[in-house]
Ligand SMILES: Cc1cc2nc3c(=O)[nH]c(=O)nc-3n(C[C@H](O)[C@H](O)[C@H](O)COP(=O)(O)O)c2cc1C
């Protein structure tokens with residue numbers, strides 16, 4: 001069989017992910033793995049219809065497709081996303097229909113599941129037969145047990161394609177939002193009280209709902225609101241994945257386009273930040289994706305920390321739980337005062353009311369300095385970065401390490417001496433039968449709540 005590997009790395013042959021593919025090709029010589037660098041060559045594929053058609057033709061002729069990609073900001077790279085958009089724009093879906101597909105990623109496993117969910121949904125939308133996902137950690141290939149696991153997955157995938165095993169569809173097609181949003185006047189705009197408000201959107205002429213939502217939100221504030229369209233930003237290209245920013249946050253594009261200056265001069269000083277986009281396939285636009293990728297020059301430091309933050313989304317978000325999780329996770333791991341997501345799925349008066357409340361809440365919470373506590377999304381993400389930067393990624397991410405050290409990010413539980421001693425004491429105490437009977441007896445729940453009761457009584 002021929003397995004066509006759609007490579008999602010901007011680094012082409014220098015991709016870590018492709019070394020996993022090379023290993024598979026070496027171990028499974030009975031089948032042919034051929035690679036197309038669709039992310040690296042995306043611009044050429046977009047500008048040269050013949051080159052794009054040649055790739056589509058290779059998909060058509062292949063027996064199976066392997067979506068092989070690095071994780072980029074909870075998803076795939078912006079150029080990979082653009083390639084996926086081109087499939088729809090150029091009506092190339094039929095080449096993918098009925099093909100067996102699997103996804104393979106390398107990453108540090110930070111929101112790898114949302115990226116695979118995305119590819120799974122894209123494959124379902126293309127009516128492919130999606131077999132499953134394989135999320136490898138970037139250095140798994142050094143481990144014999146991990147190599148065996150990857151091989152087993154791939155052999156199962158190839159067997160499924162060869163024998164026509166059934167595959168389950170996980171995602172139903174999306175119903176687009178048909179309703180036109182017609183904003184009413186902003187009756188009582190809220191005084192920004194000197195807070196700097198920034199709205200960044202990618203609304204184009206073909207997105208009247210998003211354009212109207214952005215304008216209506218701006219009108220809900222009394223005081224200056226800066227609205228910036230991504231189309232007006234001077235972005236020369238996507239993140240190259242070169243990691244040259246990792247020593248001191250200096251991006252390779254610095255001085256060559258306007259992105260870094262925009263981020264430093266507009267986003268960093270803002271108190272209230274709103275990102276607005278329309279759903280395109282299963283995410284926002286590839287332009288938004290490129291925006292997020294390019295913020296990587298900040299490495300693993302939250303640059304929106306402490307700001308009030310929200311998303312405006314035009315499109316069927318209620319049918320797209322994966323995108324909702326990505327957006328909520330972004331708000332959380334950036335340590336923002338996340339105010340939520342307003343969409344155009346309700347009636348126009350409902351949307352108006354939500355936009356008015358968003359503006360008012362942003363100013364109120366900003367004045368109060370309120371930040372909601374993180375959930376699993378924020379807590380787990382931060383712990384993962386903490387461990388990775390402290391151990392394996394301190395080099396090359398020198399700037400991250402310095403920041404983490406200076407800002408108390410290295411909050412390892414090993415350093416909580418009081419808690420550790422108390423736990424150790426109780427742990428050994430629990431081994432004494434008489435004490436154990438008391439602790440694990442009918443009064444267990446009472447013991448659990450006793451210190452809290454004491455505290456509440458005292459407060
Ligand atoms: C801009 C950027 C964003 C990234 N985002 C994520 C991420 O969200 N989650 C993750 O686990 N790894 C992330 N990574 C790490 C890469 O996925 C990882 O290094 C991958 O192995 C690179 O593969 P490649 O060499 O094939 O491009 C990111 C790397 C870069 C440069």
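The values are calculated or read from the model by the stated rules, or taken from the named source; none is laboratory data. Fair warning: this is a prediction, and the values are worked out from it, not measured in the lab. Reconstructed Cβ throughout: ideal geometry from the backbone, glycine too, with neighbour counts over all protein chains shown.
Within the option set 191, 125, being buried (at least 17 other Cβ atoms within 10 Å of the Cβ), touching a helix residue (DSSP H, G or I) at 6+ places or on another chain (Cβ under 9 Å) and either closer than 25 Å to residue 339 by Cα or in the same structural domain as residue 95 (by TED's automatic domain parsing) (or both) holds for one residue only, 125. Against the test of being surrounded by fewer than 17 Cβ atoms within 10 Å (Cβ to Cβ) and at pLDDT 95 or above, the options 423, 351, 343 yield a single qualifying residue, 423.
Checking every residue in region 315-329 against the condition of being within 16 Å of the ligand (Cβ to nearest atom) and more than 27 Å from residue 364 (Cα to Cα) gives at least one match. Of the residues screened, residue 173 is not one that is away from the ligand (no atom under 16 Å from the Cβ), assigned by TED's automatic domain parsing to the domain that holds residue 19, farther than 21 Å from residue 12 by Cα and surrounded by fewer than 19 Cβ atoms within 10 Å (Cβ to Cβ).
Residues checked against (1) out of contact with any helix residue (DSSP H, G or I) (no Cβ under 8 Å at 6 or more places or on another chain); (2) buried (at least 20 other Cβ atoms within 10 Å of the Cβ); (3) closer than 22 Å to residue 75 by Cβ:
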residue	(1), (2), (3)
223	yes, no, no
232	yes, no, no
235	no, no, yes
238	no, yes, yes
258	yes, no, no
261	yes, no, no
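Somewhere in region 28-43, is a residue within 9 Å of the ligand (Cβ to nearest atom), touching a strand residue (DSSP E or B) at 6+ places or on another chain (Cβ under 6 Å) and not assigned by TED's automatic domain parsing to the domain that holds residue 281? Scanning region 28-43 turns up no residue that is within 9 Å of the ligand (Cβ to nearest atom), touching a strand residue (DSSP E or B) at 6+ places or on another chain (Cβ under 6 Å) and not assigned by TED's automatic domain parsing to the domain that holds residue 281. Counting only residues that are within 30 Å of residue 386 (Cα to Cα) and part of a helix (DSSP H, G or I), region 414-447 holds 13 of them.
Quick check on region 301-314. Is at least one of its residues assigned to a loop (DSSP other than H, G, I, E, B), surrounded by fewer than 18 Cβ atoms within 10 Å (Cβ to Cβ) and away from the ligand (no atom under 15 Å from the Cβ)? Yes: region 301-314 contains one or more residues that are assigned to a loop (DSSP other than H, G, I, E, B), surrounded by fewer than 18 Cβ atoms within 10 Å (Cβ to Cβ) and away from the ligand (no atom under 15 Å from the Cβ). Does region 279-294 contain any residue that is out of contact with any strand residue (DSSP E or B) (no Cβ under 6 Å at 6 or more places or on another chain) and without any contact (Cβ under 8 Å) to a residue 40 or more places away in the chain? No, because not a single residue in region 279-294 is out of contact with any strand residue (DSSP E or B) (no Cβ under 6 Å at 6 or more places or on another chain) and without any contact (Cβ under 8 Å) to a residue 40 or more places away in the chain.
Residues in region 1-27 that are without any contact (Cβ under 8 Å) to a residue 24 or more places away in the chain and away from the ligand (no atom under 16 Å from the Cβ): 26 only. Taken over region 105-131, the residue count meeting the criterion of being more than 10 Å from the ligand (Cβ to nearest atom) and assigned to a strand (DSSP E or B) is 3. Does residue 397 count as under 21 Å from the mean Cα position of the chain (by Cα), surrounded by 14 or more Cβ atoms within 10 Å (Cβ to Cβ) and under 30 Å from residue 206 (Cα atoms)? Answer is no for this residue.
Residue 185 falls short on exactly one of the conditions (1) part of a loop (DSSP other than H, G, I, E, B); (2) without any contact (Cβ under 8 Å) to a residue 40 or more places away in the chain; (3) over 23 Å from residue 349 (Cα atoms); (4) over 28 Å from the mean Cα position of the chain (by Cα), and that condition is (3). If a residue has to be over 18 Å from residue 21 (Cα atoms), more than 16 Å from the chain's Cα centre (by Cα) and either within 13 Å of the ligand (Cβ to nearest atom) or free of Cβ contacts under 8 Å to residues at least 60 places away in the same chain (or both) to count, how many in region 66-85 make the cut? Going through region 66-85 one residue at a time, the tally reaches 0. Kindly establish whether residue 315 is within 23 Å of residue 347 (Cα to Cα) and assigned by TED's automatic domain parsing to the domain that holds residue 206. The answer is yes for residue 315. A single entry from 48, 63, 57 fulfils the requirement of being more than 14 Å from the ligand (Cβ to nearest atom) and in contact with a helix residue (DSSP H, G or I) (Cβ under 7 Å, 6 or more places away or on another chain): 63.
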